[in-house]
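The values are calculated or read from the model by the stated rules, or taken from the named source; none is laboratory data. Since the structure is predicted, the reported quantities are computational estimates derived from the model, not experimental observations. Ideal geometry is used to build each Cβ from the backbone, glycine not excepted, and the neighbour counts take in all protein chains shown. Note: accessible area is taken over every heavy atom of the protein model, side chains too, but ligands, DNA and RNA are not part of it. Shrake-Rupley method; radii C 1.70, N 1.55, O 1.52, S 1.80 Å.
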Amino acid sequence: MNQTRQKASVAVPILDAEAIRRALRRIAHEIIEGNPRLEKVVLAGIPSRGVQIARRIAAFIHEIENIDVETGVIDVAMHRDDVGTRRELPVVRASKLPLPLEDRTVIIVDDVLYTGRTVRAAMDAISSFGRPARIQLAVLIDRGHRELPIRPDYIGKNLPTATREQIQVRLQESDNEPDAAWLERQ
Amino acid sequence: MTTRWTRKDLLGLRELSADEITFVLETTDAFKQVGTRDIKKVPALRGKTLVNFFVEPSTRTRTSFELAAFRLSADVINISATASSLTKGETLKDTARNLEALHADILVLRHSSAGAPQFLANRLKASVINAGDGAHEHPTQALLDLYTIREKRKKIAGLHVAIIGDILFSRVARSNIFGLLKLGARVTLVGPSTLVPREFEKLGVEVSHKIDNVLPSADVVNLLRIQHERQRREYFPGIGEYVRLFGLTKERAKLLKPDCLIMHPGPINRGVEIDSDVADGLQSVILDQVTNGLAVRMAVLYLCGGIAT
């Protein structure tokens, strides 16, 4: 018991609901600037929070430009490189992307970017649907420690972290809790 | 709902919880989607070796597992009873140990003895998937039946499912009974008293020897193949009499509700348990079962084969 108590983590707030809203709205503006042909853009969220974030960015783009950007879901579980190393497996969701992808820009959307392995798996998954003109990456928080040559195009917040720290994100739609992000330190 | 899968083996539905069954069905949704992509292959089991070890002959189940493994990027070898050393007197355990010495990761086993998959699962590090053992269980067939019902009717709880035919010798029936009851369906077994004894009521199902009394309230009818090869004469007066009493003829199919699903695990004996017109009719989902079987087996191989052992 004492052991557990000593290990109890410290939570440091990073983003509150308003900061998350502003960050995603800014990302929406940047996507509009960087993509003159918005109708060719697909926001592909990685379950579960990436899907919610993709929908919110799409809603901001609609608010700003009155254009409906398509959203999709890209589940990476079956494309990961660590199969056979885990003692338990989470449920895999069906991927859903508007087809064909040939002349489109697919923007992968996730809550936290860390090693980059999930994004690699997402790019692999997207390739099995077709050959998009471009693939880009949008994340709410970039915490560093990349293990692959991957760099986000749109970042909500840059946050240098230590590997023993953890980032927690909560979103109203997927977690039934108020929007928040915080850092946990052991 | 369970949010995690932790089993290396799939031996039967009897030992799975309702949550685990639902977990497999939800995972199947994701793998069914893979079949609609440009590239119908994912790297989930890349570098893994799957052995299809079929001590009893089977073409469709073996082919379905084989294609499922290909779509998951696993390497596959097929061993059949006649080609294996079982005919030279090697024991099941020794054969299996030899397969493991080749570093097989997943063993898909079809065997005439009930319990053979359990026997191997207890002794091997590899994942063991039961592809049918004696008259015991055939879990992937029941899972694809459940998936097809859930896909077509959007639910399973509360539905009335009639399983018709050779229940006594049927591992398909047993696995279906366990799965359907766990997910809240009402199950009626229909057939001659020699093939559908009253003892089955102990499992929590109803038993009827009169098909015409059951068809009008059924939401699903699952027709089992009459297994000529397993029958001894005393169970079975003759094909003609069976058709007259229990065959799903065109005439009898009129008793069914318009939205009742007609299922059959295949291969069908046209004109015996089911009329040709009925098998090809609008209510028939027999070919959906084949398509879904592939997705279910991908899900099962991914889940059991993807667990660290």
- Item | Of the criteria (1) under 15 Å from the mean Cα position of the chain (by Cα); (2) in a loop (DSSP other than H, G, I, E, B); (3) crowded, with 19+ Cβ neighbours inside 10 Å, which one residue A:115 fails | (3)
- Message: Would you confirm whether or not the range B:243-257 contains a residue that is surrounded by fewer than 19 Cβ atoms within 10 Å (Cβ to Cβ), hydroxyl-bearing (Ser, Thr, Tyr) and assigned to a helix (DSSP H, G or I)?
- Response: no
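Just need a number here: residues in the range B:1-47 that are among the charged types (D, E, K, R), open to solvent by 40 Å² or more (accessible area, probe 1.4 Å) and either part of a loop (DSSP other than H, G, I, E, B) or away from chain A (no Cβ under 14 Å) (or both). Write out each step before concluding.
Kept after step one, since they are among the charged types (D, E, K, R), are these residues of the range B:1-47: B:4, B:7-9, B:14-15, B:19-20, B:26, B:29, B:32, B:37-38, B:40-41, B:46.
Add one more test, that the residue is open to solvent by 40 Å² or more (accessible area, probe 1.4 Å), and what stays is B:4, B:7-8, B:14-15, B:19, B:26, B:29, B:32, B:38, B:40-41, B:46.
This time we only want the ones that are either part of a loop (DSSP other than H, G, I, E, B) or away from chain A (no Cβ under 14 Å) (or both), so: B:7-8, B:14-15, B:38, B:40-41, B:46.
Selection size over the range B:1-47: 8.
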- Task: Can you confirm whether the range B:52-66 contains a residue that is farther than 17 Å from residue B:307 by Cα and basic (Lys, Arg)?
- Result: yes
- Condition set more than 20 Å from residue B:101 (Cα to Cα) and assigned to a loop (DSSP other than H, G, I, E, B), scope the range B:51-72, selection modelled with the highest pLDDT: answer is B:72
- Note on the structure: Flagged in the range B:278-309 as within 14 Å of another protein chain (Cβ to nearest Cβ), touching a Ser or Thr at 6+ places or on another chain (Cβ under 8 Å) and not in a helix (DSSP H, G or I), in numbering order, are B:307, B:308, B:309
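Somewhere in the range A:79-90, is a residue away from chain B (no Cβ under 14 Å) and within 30 Å of residue B:25 (Cβ to Cβ)? Lay out the reasoning, then the answer.
Residues of the range A:79-90 that are away from chain B (no Cβ under 14 Å), as a first pass: none.
Checking the range A:79-90: not a single residue is away from chain B (no Cβ under 14 Å) and within 30 Å of residue B:25 (Cβ to Cβ).
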- Quick one: would you say residue B:178 is assigned to a helix (DSSP H, G or I), in contact (Cβ under 8 Å) with a residue 40 or more places away in the chain and within 23 Å of the chain's Cα centre (by Cα)? yes
- Task: Mind counting the residues in the range B:129-146 that are in a helix (DSSP H, G or I) and open to solvent by less than 10 Å² (accessible area, probe 1.4 Å)?
- Result: 7
- Item | Pairs with Cβ under 6 Å, 6+ apart, first in the range B:48-69 and charged (D, E, K, R), second open to solvent by 40 Å² or more (accessible area, probe 1.4 Å) and not in a strand (DSSP E or B) | B:48/B:105; B:56/B:112
- Query: Looking at (1) more than 9 Å from chain B (Cβ to nearest Cβ); (2) open to solvent by 20 Å² or more (accessible area, probe 1.4 Å), which is the one condition that is false for residue A:139?
  - Reply: (2)
